[in-house]
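The values are calculated or read from the model by the stated rules, or taken from the named source; none is laboratory data. The shown structure was predicted, so the numbers you read here are calculated from the model rather than taken from an experiment. As a convention, Cβ positions derive from the backbone with ideal geometry for all residues, glycine included, and neighbour counts pool all protein chains shown. Note: areas computed on protein heavy atoms with side chains; ligands, DNA, RNA excluded. Shrake-Rupley method; radii C 1.70, N 1.55, O 1.52, S 1.80 Å.
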Amino acid sequence: MSLNVLIPAALAYVVFLFVIASLAERRAERLRAAGSAPRFLRSPLVYTLSLSVYATAWTFYGAVGYATRSGLEYLTIYLGPTLIFVGWWGLLRKLVRIGKAQRVTSIADLISARYGKSNLIGVIVTLLAVAATTPYIALQLQSIALSFGAIAQDQSLAPRQLAIWVAAGLALFTILFGTRNLDANEQHHGVVTAIAVEAVVKLVALMAVGIWVVWGLAEGPADIMARIAAADRPEWRVDPARWTGITFLAGVAVLTLPRMFQVMVVENADERHVSVASWAFPLYLMAISLFVLPIAVAGMTMLPADANPDLYVLTLPHTMGQNGLAMLAFLGGFSAAMSMVVIASIALATMVSNHIVVPIWLARRQRTQSTPVQDLGDMRGLVLNARRLSIAVILALGYLYFEVSGGSRALASIGLISFAGMAQALPVMLGALFWRGASRAGAIGGLLTGATVWLYALFLPSFGPGVVLGADLMAQGPFQISWLRPHALFGVEGMDPLLHALFWSLSLNALVFIIGSLVSFPGPLERVLSAQFVNAFDPSRDDDMRGARGWSREASENEAEDLLAMAQRVLDESEAQHYFHTQARLQGREGFLPDITPDFLDRLERELAGSVGAATAHAMITQIVGRRRVTVDDLMAVASETAQIMEHSAQLEAKSEELARTARQLRDANEMLQRLSVQKDSFLSQISHELRTPMTSIRAFSEILMDQDITPEELARYARIIHDESIRLTRLLDDLLDLSVLENGQVNLDLGPGTLSDLLDRALLASNSVRPDRFFVVQRAGAETGIALNTDIGRLTQVFINVLSNARKYCDAEAPVLRISVRQRGGVVTVDFIDNGSGIPKKSQGLIFEKFARLTDTHKAGGAGLGLAICREIMHNLGGDIAYLPGQGGAAFRLTFPAVLRQHSKAAE
Amino acid sequence: MSKPKPPLFLEREPYRRRRLTDGARFLPILGFVLILLPALWTRGTATGTTAEAIYIFGLWILLIVAAALLSRPLRSIQDRGEGTGRPAPEARNGNNQGSDGGSEGGGGSAADGAQ
């Protein structure tokens, strides 16, 4: 093929992309005007394909060369990103969420925004990115130039001349689509669509060559396997250190490379697309690396030994006469290079304009004009021109690097050097997302340290000894200090230079970053932002964050107009007016000028940040509203406000709990009152009944007595009945009286000394009169003999008699046995009366101490059912208690009372 | 007013979802360890570049399948606004998206088209 074919083909391809990009751009604009979202243009598919900007010409050409030299190691470059995407839930999701929430425009913007909108950090990251990306751009230019050279027979153009034309053409394309407008979200529909198309082209091209190799040159997968096994070289052995290190490095690179950040975070239209990309992007990477090894092996075996392995993809079909396939491969490589250059230069240009050009311009204006507010000039034009210029400069730098380095070295090493450079942003980035204590001072220190070590140990030596760093210095170290040799820092020798530099730069970077953060004290704005970043997913902190704004809450002055004027110059005029109008309406005001609340300032700043970056937006607003930045006092006010609210709500909670408690108590009391009322009614009816029975018989028999004709025997018998009944009546009334006296606590206790055994003897004797026909075995342990009492002996005896009588009355055992056990502990005497009857059923146990409670038939019992009630009152009066003791194999009552009753304790009751 | 504290124990469904997110965080770690295996293999007759390549690509496919299987349930968790380690009320999540998704179109409806 000749250049006469290649150049028109390349140009036609560029025109094709151009058309696609402008169609997409137009469609997006039309849809936006119609108020709907560009669906296809912003689908997960396009998002995933645009991520493929990761696979550059380095992948397309370089991976085969890499595989030829080092076997499977090339896979690590794609395995690292696979892991990051497969694990999107942990890291990518948060990165994208914060990127969208803070309207981040680049990785430099993200980092500078987190560390107090510090422009210095933005500048450092920008410079690092430029330094790391320039060689990579040079690499793309080189690969395009080489690919022209590889298949063009009539090479009339030197690679360098070609490269300069390519660089100029790419700059033009990027400027046309990357800087058409200053979008509030910094999104480029046209470019992203073109990148997605290119992703398909390069994948199809590489796979086509691969399939041709496997099924055309070889005889299918089995054959190619055999060929791979045959071509196996000793240097293909997996080097564990490099394998691990490069997998890690590639994973880091996919997060930190400016072009990856651009497509992954900035151009992301919907956070949910990441979930699709989590498997689709690894799939893409796998597909693109699948045929690399077969192509490498085919190249090794079928091409002359002096052929450049980096160009096998192209030279293999070309030498074999497959011109169509070679053309496809050429376009695929061109696509890969072009997409990288376009996205990388857009990303870098955004950084350079937002962090270097605009701040310088603002600072100059501030110095020359005392009131910089009124006329900021056409900011939009300035920013766009700055970006256009930056793109041109970046591509020129790339070309310059290509020119200086001579385009000789292997593609892979340049790529890895670039990766290692951007990896220096990793510690501060992770700190930004996950560590609230990460501070600006630490970040600056860490970045500078990491960048310096990277430059010294990897980047500058990469030019070769004697180019930038002298050969002496490389071999002996500066000033003959051997432990400062670039490839053997601090005495670590024999390590792979890449891993050596990666290890030292990242560890020192992280070390300085962490120590710097630990010892420094962050500014108030930084602290607000650290909370916003780290708690991005914590909705329960939203309320806390509500008050924490980047602006102080001073009374506002008439600055709204100035702000509107400024916003108009950054955003589109009508857009800015619309924004102010909406904000004013949200505050419930008419017109275009909302109140300048800290909240409004914060939102406006974020809106502007979408175009010019956080640091610049902050600086611009500061110019207008002056020294109204947030202070530590503001933070404390917010904190104490929150604390007050929390305290308040805690108090309320306590109070409501107390109310609930009181309500419960009231309810209990009410229930008790109702119960008592019912009890009282039943008591009255019971008592009437009890009184009425003897009264009735007395009346009946006295009526009989009133008859004249009764015999003297009958007279005597009836009189006895009447007498008995009146005695029973009297006893009932006595009991009632007794009970009421006891219940009211008005009883006079007749304290006196006695011993428990005497008392029991007397009680047993007295109770023998109850059902004297039954024989009771009474078991008494001897323990009670020594216990001396000083209490109301009479009353206590009454209780004992009652309990013993009950036992005699109700024990239903064939051979009744009554066991009395006595214990004394700490001045309290416990007497248990346990019989061997069937006991009292569980449901009645609570009832037996109630008045008139009787478990059996009234007449059989022969009492009014007041006995145990009286016992209980007596025991209470004696400072003790009587209780039913369940589970003793029969009815069991336990009496507890103090051996010595003190009068005052009684009085206190 | 008083914020509802995140509950200490969860019901069965939220518990499953929480473990799912744990699994999603664990997957890359597992993947990394498995990727490192070939570096530890001793080169013998059985393990050459071919065997390593088959292993790596097989592992790669497994990782992709695992991520694809996880992605749908995870996305629904993301839509609920959980996955923060603590459950969030739906309404608040909606608010967040409203203020973040911001001025330009392309937020929610684009994703609807994607489904």
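One table, with the values for the structure above:
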item	result
Accessible surface ranking that places the most exposed of A:Lys202, A:Lys851 first, with a 1.4 angstrom probe	A:Lys851, A:Lys202
In nm, spacing of pseudo-spin labels at A:Glu814 and A:Arg364 (7 Å Cα→C-beta vector)	12.2
Interface burial for B against A (accessible surface, 1.4 Å probe, total of both chains, Å², rounded to 100)	5400
Label-point separation, A:Ala781 to A:Asp223 (7 Å along Cα→Cβ), nm	10.3
Distance between the stretch A:783-854 and the stretch A:658-725 - C-alpha centres, whole angstrom	27
Heavy atoms of A:Leu430 accessible to a 1.4 Å probe, total area in Å² rounded to 10	60
Solvent-accessible surface (1.4 angstrom probe) belonging to A:Glu658, in square angstrom, nearest 10	100
Residue pairs, from the table A:Lys655/A:Lys843; A:Lys655/A:Lys842; A:Lys680/A:Lys843; A:Lys809/A:Lys851; A:Lys117/A:Lys202; A:Lys655/A:Lys680, whose Cα atoms sit over 30 Å apart	A:Lys655/A:Lys843; A:Lys655/A:Lys842; A:Lys117/A:Lys202; A:Lys655/A:Lys680
Estimated dipole of chain A in Debye, rounded to 20 [Cβ of Lys and Arg +1, of Asp and Glu -1, Cα centre]	1360
Accessible area (Å², 1.4 Å probe, nearest 10) - A:Arg259	10
Interchain or long-range residues, amide H under 5 Å from A:Asp270's placed H	none
Cβ-Cβ FRET estimate between A:Leu885 and A:Arg675, R0 fixed at 22 Å, reported to 0.05	0.30
Residue-averaged 222 nm ellipticity for chain A, from DSSP H runs of 4+ at -39500 (n - 2.57), nearest 500	-21500 deg cm²/dmol
In sequence order, calculated HN-Hα J values of the stretch A:209-221 (Karplus, 6.51, -1.76, 1.60; Hz; x Gly/Pro)	4, x, 5, 4, 5, 6, 9, x, 7, 9, 10, x, x
Radius of gyration and Dmax over the Cα atoms of chain A, both given in Å	49.3, 165
Heavy-atom accessible area ranking, 1.4 Å probe, most first, across A:Asp832, A:Asp668	A:Asp668, A:Asp832
Residue-normalised accessible area of chain A, given per residue in Å² at a 1.4 Å probe	42
At most 15 other Cβ within 10 Å, DSSP loop - chymotrypsin sites (Phe, Trp or Tyr not before Pro), the stretch A:774-851	A:Phe775
Solvent exposure, largest accessible area first (probe 1.4 Å, DNA, RNA and ligands not counted), of A:Trp435, A:Trp504	A:Trp435, A:Trp504
Placed amide H near A:Leu885: partners under 5 Å, 5+ positions off or other chain	A:Ala892, A:Phe893, A:Arg894
Cβ-Cβ FRET estimate between A:Gln665 and A:Gln746, R0 fixed at 35 Å, reported to 0.05	0.75
Chain A - percent of accessible surface contributed by carbon and sulfur, probe 1.4 Å	60
Whole-Hz couplings from phi, Karplus 6.51/-1.76/1.60, listed for the stretch A:56-67; x for Gly and Pro	9, 4, 4, 5, 5, 9, x, 4, 5, x, 4, 5
Nearest-0.05 FRET efficiency for A:Trp215 and B:Glu11, computed from C-beta distance (R0 56 Å)	0.55
Spacing of the two label points (7 Å from each Cα toward its C-beta) at A:Ala643 and A:Ala716, in nm	9.9
Gained length - A:Ala396 relative to A:Asp724, 0.36 nm times residue gap less alpha-carbon distance	104.9 nm
